[in-house]
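**Student:** Below: one structure in structure tokens.
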2 protein chains.
Amino acid sequence: MSITSLEDLRNQLGTLREPDESARKRAEAREPQLTKPPGSLGRLEELAAWVSAWQGQHPPQMDSPHICVFAGNHGIVAKGVSAYPQEVTQQMVHGFEAGSAAVNQLSQTFGITLQVIALDLATPTGDFTETSALDEAGFVDAFNRGAAAVPGDADMIGVGEMGIGNTTSAAALCLALYGGDAAAWTGAGTGVAGAALAKKVSVVADGVSRHRSNISDGLDALQKLGGRELVAITGAIVQARQSRVPVMIDGFISSAAAAALETTRAGALDHCLVAHASAEKGHNLLLKSLKKQPLLDLNMRLGEASGAALATAIVKAAINCHNGMATFAEAGVSDKEN
Amino acid sequence: MSITSLEDLRNQLGTLREPDESARKRAEAREPQLTKPPGSLGRLEELAAWVSAWQGQHPPQMDSPHICVFAGNHGIVAKGVSAYPQEVTQQMVHGFEAGSAAVNQLSQTFGITLQVIALDLATPTGDFTETSALDEAGFVDAFNRGAAAVPGDADMIGVGEMGIGNTTSAAALCLALYGGDAAAWTGAGTGVAGAALAKKVSVVADGVSRHRSNISDGLDALQKLGGRELVAITGAIVQARQSRVPVMIDGFISSAAAAALETTRAGALDHCLVAHASAEKGHNLLLKSLKKQPLLDLNMRLGEASGAALATAIVKAAINCHNGMATFAEAGVSDKEN
């Protein structure tokens, strides 16, 4: 898929693919036959049925999970919102390409292929306290690049990001989408505290004030306050839905990007899981707003799809149990007495 | 190691190996040099230091994790406490050996070797409402078989169990160790409810009443109320400590067995993690008593080291990050500005 405008995207969000209830039912019919007390694998059992429904097949597959890490730069860093300089975005992209970052180790550990998509790093988005982060053409381009990154034959995609300054952008996006206090959405990011954090909160509040009258839905908010990597994540999520590829959303920033879709079209994230509860302030509140229960809670706040890689391993394990375990009949194990 | 009596074990618990603080410090010195904001990998960073300390080496290793599943049968099943017949213990052992159970799929998924140790399944322990579950010789034998199962070259061992009736035994053990209401420790196990669950609660209360005056510490309680697989788990845990092998404790039953050590000698579980918060009633209370925060919470309650396998994958990922990531200097990434 690709889009030509925000209005085109709004229209396309009206025709999202639905889950395959027949595949889900076949999974649910197999599960109680497996040699374990019913329900004893907890969320692993739910995952097997959920993946079947969104892949549109039973048995579900998890041989080829894939991760997309999108990178972007942010004009807002001129306001001093990050503990690291902007060039770190490009340096970390080199690290991903060299295989030396956390997400490389994590995806290698679990046999997940990894792709890094750097989005015009030399041209940061506009400073959203002064102008729109992206114009409509910039939004459309980033969205389409995100959509194009999804391998149609992946069994699942994890989406993550790298972008110095993007917790500021994500916090502003959440404030625009859900309201509340700027301070409730604004956290330490890479590690700001004290006066620097107070400044970050006021930047978030100022940015949202400036654009509020021009924001009618999540997509407007994403264009005004987001960044290319956040927009690309939404492109990957929508493309994955249409390609029957379930999605693993990483942490705070990825969830914030995804929330722009959900607030525009309820149910747009039904084919998505959230990997983990990030330690970044605002994520728990965002998870409640999205009504998503993350798979993991390991006090992580790195981004770069690190949580998505770990959570994808859990899904892989769930699918292997569902597909590989023997039934009571096959194993000659006595079933429950009552 | 091996023991000749409970008294011998009490003595040996006085000479447990201590962690290697030098290895821990080397891990803690490397961590902030890696290309990520300090602390951003959360518990993964703690795990790298913790494994280093308990393995007594830096870099830590996680190439050869191993799982021991101990199986035993319980006289208490004569009281109708389980939803499944006793022969299921042996049938599931065949399943583990054939590779068709959940723990087989999970350990294969993550490259964990698996060993199943069936402990005299044809001779269930005594019904603890009428007699002691094990005599001292039976305790010593099960303990030593648990200790002997630990491969000295494993990087970590996960301990789990299979035994129809053993949630009843574990609940009684917890009640004896920590007090409170029998109902607070007694859950559905493989799936009992209503009158059957009420009966199970009264069996637990009766068993503890019967033996209370003969229980002076956790080891006494384990002998009177436990089962061979629970005792073997304690043997594996103590042997692992002396062999510098960190331990991953599975769920409710494994934690209850482990608690018999901790209540006898505080700190005996310092080289152990708890894999997950089991959905079995009593586990959360037990985790609080043990002051252990589990790595996962996936609403599982299967036992057979299924949670330990998943959590070991998280540890493997943590170690791969710690060892495999580049430092800021190696990667040419700019460090924090302040």
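**Student:** Could you give every pair whose Cβ atoms fall below 6 Å, whose first residue belongs to segment B:116-134 and is in a loop (DSSP other than H, G, I, E, B), and whose second residue is open to solvent by 40 Å² or more (accessible area, probe 1.4 Å), counting only separations of at least 6 or pairs across chains?
**Tutor:** Hits for this filter: B:Leu121/B:Gln90; B:Asp127/B:Ala78; B:Thr129/B:Asp206.
**Student:** Identify, by number, the condition in (1) surrounded by fewer than 24 Cβ atoms within 10 Å (Cβ to Cβ); (2) within 14 Å of another protein chain (Cβ to nearest Cβ) that A:Leu295 doesn't meet.
**Tutor:** The number of the failed condition is (1).
**Student:** Could you say which residue among B:Ala195, B:Ala170, B:Ala188, B:Ala205 is within 26 Å of B:Leu287 (Cβ to Cβ), open to solvent by 20 Å² or more (accessible area, probe 1.4 Å), of a type outside the set (Ser, Thr, Tyr) and part of a helix (DSSP H, G or I)?
**Tutor:** Checking each option against the conditions leaves just B:Ala205.
Listed here are the residues, each with its yes/no results for (1) touching a His at 6+ places or on another chain (Cβ under 9 Å); (2) surrounded by 16 or more Cβ atoms within 10 Å (Cβ to Cβ); (3) on the phi > 0 side of the Ramachandran plot.
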| site | (1), (2), (3) |
| --- | --- |
| A:Ser2 | no, no, no |
| A:Leu9 | no, yes, no |
| A:Thr15 | no, no, no |
| A:Glu18 | no, no, no |
| A:Ser22 | yes, no, no |
| A:Ala49 | yes, yes, no |
| A:Gln55 | no, yes, no |
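**Student:** Does segment A:273-281 contain at least one residue that is surrounded by 24 or more Cβ atoms within 10 Å (Cβ to Cβ), hydroxyl-bearing (Ser, Thr, Tyr) and in contact with a Lys or Arg (Cβ under 8 Å, 6 or more places away or on another chain)?
**Tutor:** Among the residues of segment A:273-281, at least one is surrounded by 24 or more Cβ atoms within 10 Å (Cβ to Cβ), hydroxyl-bearing (Ser, Thr, Tyr) and in contact with a Lys or Arg (Cβ under 8 Å, 6 or more places away or on another chain), which makes the answer yes.
**Student:** What are the residues in segment B:324-333 that are in a helix (DSSP H, G or I), within 38 Å of the chain's Cα centre (by Cα) and at the interface with chain A (Cβ under 8 Å from one of its Cβ atoms), if any?
**Tutor:** The one that is in a helix (DSSP H, G or I), within 38 Å of the chain's Cα centre (by Cα) and at the interface with chain A (Cβ under 8 Å from one of its Cβ atoms): B:Gly324.
**Student:** Can I ask one more? Going through segment A:24-33 one residue at a time, which ones are more than 14 Å from chain B (Cβ to nearest Cβ) and open to solvent by less than 40 Å² (accessible area, probe 1.4 Å)?
**Tutor:** The one that is more than 14 Å from chain B (Cβ to nearest Cβ) and open to solvent by less than 40 Å² (accessible area, probe 1.4 Å): A:Ala27.
**Student:** Does segment A:304-322 contain at least one residue that is part of a helix (DSSP H, G or I), open to solvent by 10 Å² or more (accessible area, probe 1.4 Å) and hydrophobic (A, V, I, L, M, F, W, C)?
**Tutor:** Within segment A:304-322 (the criterion being part of a helix (DSSP H, G or I), open to solvent by 10 Å² or more (accessible area, probe 1.4 Å) and hydrophobic (A, V, I, L, M, F, W, C)), the answer is no, since none of the residues qualifies.
**Student:** Which numbered condition trips up B:Lys336, out of (1) within 25 Å of B:Ala154 (Cα to Cα); (2) within 14 Å of another protein chain (Cβ to nearest Cβ)?
**Tutor:** For B:Lys336, the failing item is (1).
**Student:** Something else: Within segment A:57-76, track down each residue that is closer than 30 Å to A:Asp206 by Cβ and surrounded by fewer than 23 Cβ atoms within 10 Å (Cβ to Cβ).
**Tutor:** A:Gly75
**Student:** Output yes when any residue across segment B:49-68 is more than 9 Å from chain A (Cβ to nearest Cβ), closer than 19 Å to B:Asp120 by Cα and touching a Leu at 6+ places or on another chain (Cβ under 9 Å), and no when none is.
**Tutor:** yes
**Student:** Which pairs have Cβ atoms under 9 Å, sit 6 or more apart or on different chains, and link a residue in segment B:301-322 that is more than 8 Å from chain A (Cβ to nearest Cβ) to one that is assigned to a helix (DSSP H, G or I) and among the charged types (D, E, K, R)?
**Tutor:** B:Ala318/B:Arg43; B:Ala318/B:Glu45; B:Ala318/B:Glu46; B:His322/B:Arg30; B:His322/B:Glu31; B:His322/B:Glu45
**Student:** Within segment A:135-154, track down each residue that is assigned to a loop (DSSP other than H, G, I, E, B) and open to solvent by less than 20 Å² (accessible area, probe 1.4 Å).
**Tutor:** A:Ala149, A:Val150, A:Ala154, listed by residue number.
**Student:** Among the residues of segment B:1-33, write down those that are without any contact (Cβ under 8 Å) to a residue 12 or more places away in the chain and over 28 Å from the mean Cα position of the chain (by Cα).
**Tutor:** Matches in segment B:1-33: B:Ala29, B:Pro32.
**Student:** Just one of the numbered conditions (1) buried (at least 21 other Cβ atoms within 10 Å of the Cβ); (2) closer than 16 Å to B:Glu18 by Cα; (3) not hydroxyl-bearing (Ser, Thr, Tyr) is not true of B:Ala259; which one?
**Tutor:** It fails just one condition, (2).
**Student:** Of the residues that sit in segment A:89-115 and are part of a loop (DSSP other than H, G, I, E, B) and more than 7 Å from chain B (Cβ to nearest Cβ), which one is farthest from the chain's Cα centre (by Cα)?
**Tutor:** A:Gly99
**Student:** What is the residue count in segment B:282-292 for residues that are surrounded by 21 or more Cβ atoms within 10 Å (Cβ to Cβ) and either within 13 Å of chain A (Cβ to nearest Cβ) or assigned to a loop (DSSP other than H, G, I, E, B) (or both)?
**Tutor:** 2
**Student:** Given the options A:Lys79, A:Lys36, name the one that is over 20 Å from the mean Cα position of the chain (by Cα), buried (at least 20 other Cβ atoms within 10 Å of the Cβ) and closer than 30 Å to A:Ala205 by Cβ.
**Tutor:** A:Lys79
The values are calculated or read from the model by the stated rules, or taken from the named source; none is laboratory data. Fair warning: this is a prediction, and the values are worked out from it, not measured in the lab. Every residue, glycine as well, gets a Cβ built from its backbone with ideal geometry; the counts of neighbours run over all protein chains shown. Note: areas computed on protein heavy atoms with side chains; ligands, DNA, RNA excluded. Shrake-Rupley method; radii C 1.70, N 1.55, O 1.52, S 1.80 Å.
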